[in-house]
Amino acid sequence: MPNFKKLLSKIDTFIFDVDGVMTDGIVILDSDGEILRTMNVKDGYALQLAVKKGYKIFIISGGESKIVRARFEKLGVENIYLGISDKLEVYNKIIEENNISPDNILYMGDDIPDCKVMKEVGVAACPADAAEEIKAISQFISALDGGKGCVRDILEQVMKIQDTWFDNDGFYW
């Protein structure tokens, strides 16, 4: 495990998928055809804390929703890419434009569209209920399912290793 902790100690950038990671993957359609999702408030707390602590957070999702965008904006996430069909293309743009080393990136995804990017980053992570192909390439598999706290799980682990999780500096929501 020391090797894994060493990998986490270098992480300063997180990229997250939405459906199946931030959500449980279940969608509810309202009478207007709008897709509704649920998200975990503990994941939200950890995301806003990571933003306040200076970590770079990116969202790359194939889904597109004004409500999802508004949720991330409320949490302070500025780099939100929705409606993306080629996640690797967006990833390459992100590292080039922001001068980020792949070794410093943790990507959490849950299904086949995440695979190519996950093979490029320093740490590939996934929820417990991810597709088997994704679990096979992940260095970290959360004990928690998508939408059930897996995002907080990995953010908290990285921040604890880097001593930025709970340091009494007033960052409490």
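Would you mind checking 6/148; 66/160; 74/135 for any pair whose Cα atoms are more than 29 angstrom apart? Going by Cα-Cα distance, 66/160; 74/135 fall outside the 29 Å limit. Rounded to 0.05, the FRET efficiency of the residue 132 and residue 85 pair, given R0 = 25 Å and the Cβ-Cβ distance, is 0.60. The per residue volume of the convex hull around the alpha-carbon atoms of the chain is 108 Å³.
Once the chain from residue 9 to residue 78 is taken as fully extended at 0.36 nm per residue, the excess over their C-alpha distance is 22.5 nm.
Each of residue 96 and residue 160 was given a label point 7 Å from its Cα along the Cα-to-Cβ line. The distance between the two points is 3.9 nm.
How much mean residue ellipticity at 222 nm does the chain get from its helices, if each DSSP H run of length 4 or more adds -39500 (n - 2.57) and you divide by all residues, to the nearest 500 deg cm²/dmol? Counting only the DSSP helices, I get -10500 deg cm²/dmol.
The calculated FRET efficiency for the pair residue 112 and residue 26, based on their C-beta separation and a Förster distance of 25 Å, comes to about 0.85. What is the distance in Å between the Cα centroid of the range 108-136 and that of the range 32-85? Taking the Cα centre of the range 32-85 as reference, the centre of the range 108-136 is 18 Å away.
Placing +1 on the Cβ of every Lys and Arg and -1 on the Cβ of every Asp and Glu, with no other charges, gives the range 39-82 a dipole of roughly 160 debye about its Cα centre.
Any read-out appearing in this document is the output of simple, stated calculations on the displayed coordinates, not a laboratory observation. This structure is a prediction, so every number in the text was calculated from the model and none was measured. Glycine gets a Cβ as well: all are built from the backbone with ideal geometry, and neighbour counts include every protein chain shown.
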